[in-house]
Amino acid sequence: MSAEPVLTISGLNVDYGTDAGAVHALRDIDLTLNRGEVLGLAGESGSGKSTLAYAVTRLLSPPGVITGGEVHYHRPGGDRVDILSLAPRRLRAFRWQELSIVFQGAMNSLNPVHTVHSQLTDVLAAHRPELRKRQRTERAVELLGLVGISADRLAAYPHQLSGGMRQRVMIAMALALEPEIVIMDEPTTALDVVMQRQILRRLVQLRRQLDFSVVFITHDISLLIEFSDRIAIMYGGRIVEQAGAAEIYRDPRHPYSDGLLHSFPALHGPRRELTGIPGSPPHLSAMPTGCAFHPRCGKAFDPCAGRVPLLAPPADGPGRAVACHLHS
Ligand SMILES: Nc1ncnc2c1ncn2[C@@H]1O[C@H](COP(=O)(O)OP(=O)(O)OP(=O)(O)O)[C@@H](O)[C@H]1O
Ligand SMILES: [Mg+2]
């Protein structure tokens with residue numbers, strides 16, 4: 001796989017609120033999505049995963065504010081687009097045609113009074129005005145086919161579909177204009193495990209077939225290990241570790257990554273003891289000093305409460321990065 005970047009995030013900071021009570025939800029996020037890859041983003045509830053998805057797509061609403069950093073999209077030809085300064089009109093086109101997003105809980109965001117057909121063809125009508133009505137319907141059938149739904153469901157209303165089908169319709173909508181990047185925020189958490197894996201397997205196949213890149217967000221790291229190429233792990237608004245999926249699984253370097261791996265049953269391979277992580281994630285308004293994880297970390301030592309560890313490659317592992325004093 002080529003390591004050509006399609007999305008680069010550097011030094012991204014997001015606050016909620018602007019007055020004295022503002023809290024830092026994202027701190028110094030550096031992250032690259034490479035063309036054609038599935039990048040998994042994991043972390044407990046409140047770690048900032050959705051905030052990151054909203055910020056990079058400029059969908060963050062008040063009191064959320066981007067206080068610093070850059071986000072660039074790299075077009076296939078090499079053209080670089082500065083997402084944070086796109087004008088509103090360009091942004092709308094960009095959002096469906098070059099990058100699309102499936103939101104957390106999206107399967108409930110289909111319009112209940114419109115059929116699947118009208119919701120899919122509306123997207124096409126808005127962005128592909130050159131298509132005739134019949135062509136739009138043909139494309140809608142094709143899109144449903146991609147996610148394994150037969151054409152006879154086109155006339156269905158959302159309530160006539162199962163949760164898994166509604167979720168697949170949302171994915172079909174996200175793929176409607178053949179974007180280069182698809183961001184999926186917990187696209188399957190409301191579904192049972194079998195359905196989750198079925199949808200993700202389909203998505204990974206489609207990614208090869210249609211050649212797009214995916215940012216896949218979930219708190220379930222075992223799903224990520226199976227379906228991602230690389231994984232970034234977030235804690236308290238920062239990325240604490242980033243590595244290939246197999247590397248993280250075999251040899252997590254951050255004690256938090258290790259804890260996450262022991263919080264979910266492994267789908268394959270040797271069974272791990274489920275020990276979980278003691279304590280609970282920090283509140284933004286009371287973020288611990290130094291490494292935010294130190295109060296819950298069994299390996300914390302002198303520097304951990306005093307200094308924030310920088311995300312950097314460990315001495316023996318170029319190509320991955322960890323923010324932990326044990327490795328600096
Ligand atoms: N509108 C808001 N106003 C204030 N704080 C917010 C707002 N939205 C999110 N936050 C805070 O920002 C932090 C990150 O939230 P975010 O939703 O990004 O986390 P997440 O990792 O997506 O969690 P989950 O796994 O529950 O979806 C949390 O502490 C949350 O309470
Ligand atoms: Mg979220």
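Read the figures in this text as sums done on the coordinates, not as results from a lab. Predicted, not measured: the structure shown is a model, and the values here were computed from it. Methodologically, a virtual Cβ is constructed for each residue, glycine included, from the backbone with ideal geometry; neighbour enumeration extends over all protein chains shown.
Data for the structure
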item: Yes/no for residue 139 being among the charged types (D, E, K, R) and surrounded by fewer than 13 Cβ atoms within 10 Å (Cβ to Cβ); result: no
item: Meets criteria (within 24 Å of residue 225 (Cα to Cα), more than 16 Å from ligand 2 (Cβ to nearest atom) and in a loop (DSSP other than H, G, I, E, B)) for residue 36; result: yes
item: Residue pairs meeting the criteria (Cβ under 6 Å; at least 6 apart or on separate chains; first closer than 17 Å to residue 326 by Cβ and in contact (Cβ under 8 Å) with a residue 12 or more places away in the chain, in the range 235-252; second among the aromatic types (Phe, Trp, Tyr) and within 16 Å of ligand 1 (Cβ to nearest atom)); result: 235/256; 235/293; 240/256
item: Elements of type helices (runs of 4 or more DSSP H) contained in the range 214-328, each with 1 or more residues being basic (Lys, Arg); result: 245-250
item: Candidates 84, 52 - the one that is free of Cβ contacts under 8 Å to residues at least 60 places away in the same chain, part of a helix (DSSP H, G or I) and either touching a strand residue (DSSP E or B) at 6+ places or on another chain (Cβ under 9 Å) or within 16 Å of ligand 1 (Cβ to nearest atom) (or both); result: 84
item: Residue ID - surrounded by the most Cβ atoms within 10 Å (Cβ to Cβ), chosen from residues in the range 55-81 that are without any contact (Cβ under 8 Å) to a residue 12 or more places away in the chain and more than 16 Å from ligand 2 (Cβ to nearest atom); result: 80
item: Qualifying residue in the range 218-233 (condition: in contact with a Lys or Arg (Cβ under 7 Å, 6 or more places away or on another chain) and not hydroxyl-bearing (Ser, Thr, Tyr)); result: no
item: Residue list for the range 167-178, restricted to those being closer than 16 Å to residue 142 by Cα and either touching a His at 6+ places or on another chain (Cβ under 7 Å) or of a type outside the set (Val, Ile, Thr) (or both); result: 168, 170, 172, 173, 174, 175, 176, 177, 178
item: Condition met for residue 169 (buried (at least 20 other Cβ atoms within 10 Å of the Cβ) and closer than 27 Å to residue 7 by Cβ); result: yes
item: Residue in the range 192-213 that is crowded, with 19+ Cβ neighbours inside 10 Å, within 16 Å of ligand 1 (Cβ to nearest atom), farther than 25 Å from residue 73 by Cβ and not hydrophobic (A, V, I, L, M, F, W, C) present; result: yes
item: Filter pass, residue 26 being within 14 Å of ligand 2 (Cβ to nearest atom), in a loop (DSSP other than H, G, I, E, B), under 18 Å from the mean Cα position of the chain (by Cα) and not small (Gly, Ala, Ser); result: no
